[in-house]
Amino acid sequence: MSMPSSSYAEFYRRSIDERDTFWAEQAALIEWNSQPQQICDYSRPPFARWFVGGTTNLCHNAVDRHARDRGAQNALIWVSTETEQERIYSFSELQREVETMAAMLLAQGVGQGDRVLIYMPMIPEAAFAMLACARIGAIHSVVFGGFASVSLASRIDDAAPKLIVSADAGSRSGKVVPYKHLLDEAIQLASHKPSAVLMVDRGLAPFERVAGRDLDYAALRQQHGEARVDCVWLESNTPSYTLYTSGTTGKPKGVQRDTGGYAVALAASMKHIYCGEAGETYFSTSDIGWVVGHSYIIYGPLLAGMATIMYEGLPTRPDAGIWWSLVEKYRVSVMFSAPTAVRVLKKQDPAYLSKYDLSSLKALFLAGEPLDEPTARWIAEALGRPIIDNYWQTETGWPILSVANGVEKKASRFGSPGMAMYGYRVKLLNESTGEELLGANQKGVLAIEGPLPPGCLQTVWGDDARFVNTYWSSIPDKLVYSTFDWGIRDEDGYYFILGRTDDVINVAGHRLGTREIEESIASHPNVAEVAVVGVADQLKGQVAMAFAVLKDASRAATPDGALQQEGEIMKRVDEQLGAVARPARVRFVSVLPKTRSGKLLRRAIQAVCEQRDPGDLTTIEDPSALQQIRDLLAPA
Ligand code: AMP
């Protein structure tokens, strides 16, 4: 494939102006059983259909073609610091395991279009299950292992799986976290009942088997060990998976992804954005329960012929050097993590970062939440490797904003996740008029004009109306996809994300992004992490309240110390953003309420501050975090 120019501007322009030619070229990055007849069908906006008529298979492209061309090379490297195990599968071995798992699913009557729900810890069998579904055209729906029975039940009801794959237990910080009773409870709560549950027994937690329903993975693996199961050729728009995200309502949304578009989008992103080469090793520290786990633990690296590391454990156990020791050991070339993890490491001894040979590492990508400048600077200096922010959503499946160093090397800018990625017609729109903001440094809603590029959600599972009403109807008079994020763009096309449109606060008529205030507070040398929420105030409408975790908490241990620290931080906000942005209070806590994937639970904090019910807290990492805030706010 030859690109007419090496400039990113030209590459981007072609992706928009010569859309079909551009994506036809990208489509050559994967193998097709039959070539697409039409590159993009956008005759029914906002529903886009990519590579219409082409038939392919995700598992063929992620596994079989590499087993054929490079079978002995590492494909899946599993490391568990929880159980002190390490297992490596070559592409040929991975294909064998996937075929065996596919045979088990077929034997249970699972076929094309059937749903398989995967509720698993970070173990290789979870990857086999996902790839086995892709192989036979079943639709997988991975539910994060940290969810408890009520959340799991609602997802079972929405996905209506024929079969569930699960395991006896996960492990966190050396403690066994049993899964099976949660799954049994969830199935009891759900109105839909799966006909079978395939259980992987890790020997961590004894569990009861339900006769006639629960199957033993080890026994079936023996039975189907030699099975050959061919990949089913699927029309490009056949759904490959659904993945639930929480929205503003209690009912989870099943983001539905296609087959061919997703494969092409990921293969292209591996080449142009992540710059991973076949034979190299990719290490993403996410979990298969999240979109990063789908795109950049399982499918993306494997599509590119890379080995992928699947890591079960914490970043700080047995010590804060564990990730970097894996980079050294497996010569990791591309790494992907989240800012929260970096902030956790920031509180540890920096010597761990210089202890290992990181010369194989081309870049560390961070995504999922805003990467504040102090954290970015700290990790860039400590690692001495490029740090690349990238902004996207469960819905899009791959970056909306980043830098495409595989096309043209561009400097990253601290505080910015980068520029619009090829294929995305990113716009900043005036929230109330829908007018496009064309000038630099104007704040607007970050929106994307359709068609969304390949790889993005096709619809909300089972609910086309919800897809249209949630994502495409929030900007007046325009059929445009809203990210629900605020953004600005500088003169050079770099975007800055200023927080969710749904977390906006309005103080005395001034609209403020909580994100801006957080960034300012986080730049205080003694602040490790901070959350800012808007709290109802009789005089000003809302005021900003800040909750901060200090690096040296002893400085706020006494009431006087806390007041002094609070004053210092407010002064900094005054100096950086102006008094209008100064939070009403800055309070100190030892931990912030976050989901297990590291997202701040701003709305729950806000609810507690306003003495409202914080709502669904099934995703909270540490329930005591909200209690600390309650205690702080309680009258003395
Ligand atoms: P999720 O679908 O859970 O990945 O969440 C997507 C949301 O996370 C986006 O809409 C943003 O609000 C936020 N987000 C993700 N990546 C970034 C980033 N690099 N910088 C700022 N915010 C981000």
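The values are calculated or read from the model by the stated rules, or taken from the named source; none is laboratory data. Not measured: the values here are computed from a predicted model. All Cβ positions, even for glycine, are placed from backbone atoms using ideal geometry, and neighbour counts span all protein chains on display.
Every residue in the range 275-294 that is of a type in the set (Asp, Glu) and within 16 Å of the ligand (Cβ to nearest atom), please.
Across the range 275-294, the qualifying residue is only Asp287.
Name the pairs: first residue in the range 384-404 and touching a residue at least 40 places away in the same chain (Cβ under 8 Å), second residue near the ligand (Cβ under 6 Å from one of its atoms) and small (Gly, Ala, Ser), Cβ to Cβ under 6 Å, at least 6 apart or on different chains?
From the range 384-404, the pairs are Asn390/Ala367.
Collect the residues in the range 479-497 that are among the aliphatic types (A, V, I, L, M) and more than 13 Å from the ligand (Cβ to nearest atom), keeping them in residue-number order.
Leu479, Val480
Tell me which of these Gly423 doesn't satisfy, since it passes every other one: (1) assigned to a loop (DSSP other than H, G, I, E, B); (2) farther than 23 Å from Ser43 by Cβ; (3) touching a Ser or Thr at 6+ places or on another chain (Cβ under 8 Å); (4) not charged (D, E, K, R).
Looking at each condition in turn, Gly423 falls short on (2).
Given the structure, is Val445 touching a Ser or Thr at 6+ places or on another chain (Cβ under 9 Å), assigned to a loop (DSSP other than H, G, I, E, B) and under 25 Å from Ala9 (Cα atoms)?
no
Given the condition within 16 Å of the ligand (Cβ to nearest atom), in a loop (DSSP other than H, G, I, E, B), at pLDDT below 95 and more than 19 Å from Asn61 (Cα to Cα), answer yes or no: does some residue in the range 252-271 qualify?
Yes: the range 252-271 contains one or more residues that are within 16 Å of the ligand (Cβ to nearest atom), in a loop (DSSP other than H, G, I, E, B), at pLDDT below 95 and more than 19 Å from Asn61 (Cα to Cα).
Considering the range 591-625 alone, what residues qualify as being small (Gly, Ala, Ser) and without any contact (Cβ under 8 Å) to a residue 60 or more places away in the chain?
Ala604, Ala607, Ser624, Ala625
Just to check your reading of the model, which residue among Glu82, Glu31, Glu93 is over 21 Å from Pro301 (Cβ atoms), among the charged types (D, E, K, R) and outside any strand (DSSP E or B)?
Only one candidate qualifies: Glu82.
Report, by residue number, each residue of the range 618-636 that is of a type outside the set (S, T, N, Q) and surrounded by fewer than 14 Cβ atoms within 10 Å (Cβ to Cβ).
Pro623, Arg630, Asp631, Ala634, Pro635, Ala636
Condition test on Ser15, is it surrounded by fewer than 19 Cβ atoms within 10 Å (Cβ to Cβ) and of a type in the set (Ser, Thr, Tyr)?
No, not satisfied.
Would you mind finding the one in Lys594, Lys571 that is out of contact with any His (no Cβ under 7 Å at 6 or more places or on another chain) and either within 16 Å of the ligand (Cβ to nearest atom) or modelled with pLDDT of 95 or more (or both)?
Lys594
In the range 104-124, what residues are outside any strand (DSSP E or B), surrounded by 21 or more Cβ atoms within 10 Å (Cβ to Cβ) and in contact with a His (Cβ under 8 Å, 6 or more places away or on another chain)?
Met104
Could you please give the count of residues in the range 314-345 that are of a type in the set (Gly, Ala, Ser) and surrounded by 22 or more Cβ atoms within 10 Å (Cβ to Cβ)?
2
Which residue, of Pro476, Pro453, is under 30 Å from Gln26 (Cα atoms), more than 14 Å from the ligand (Cβ to nearest atom) and assigned to a loop (DSSP other than H, G, I, E, B)?
It is Pro453.
Go through the residues of the range 481-490 one by one and say whether even a single one is among the small types (Gly, Ala, Ser), crowded, with 21+ Cβ neighbours inside 10 Å and in a strand (DSSP E or B).
Yes, the range 481-490 has at least one match.
Quick test of your reading of the structure: Arg343 fulfils all but one of (1) basic (Lys, Arg); (2) under 28 Å from Val176 (Cα atoms); (3) more than 16 Å from the ligand (Cβ to nearest atom). Name the failing condition by number.
If we test Arg343 against (1) basic (Lys, Arg); (2) under 28 Å from Val176 (Cα atoms); (3) more than 16 Å from the ligand (Cβ to nearest atom), just (3) comes out false.
Out of the range 63-78, which residues are assigned to a strand (DSSP E or B) and out of contact with any Leu (no Cβ under 6 Å at 6 or more places or on another chain)?
Result: Asn74, Ile77, Trp78.
Looking only at the range 395-425, count how many residues are within 14 Å of the ligand (Cβ to nearest atom) and crowded, with 19+ Cβ neighbours inside 10 Å.
Qualifying residue count, the range 395-425: 17.
Which ones in the range 125-156 are assigned to a helix (DSSP H, G or I), under 27 Å from Asp622 (Cα atoms) and of a type outside the set (Gly, Ala, Ser)?
Result: Val150, Leu152, Arg155, Ile156.
Could you please give the count of residues in the range 405-417 that are touching a residue at least 24 places away in the same chain (Cβ under 8 Å) and either touching a Lys or Arg at 6+ places or on another chain (Cβ under 8 Å) or of a type in the set (D, E, K, R) (or both)?
So the answer is 5.
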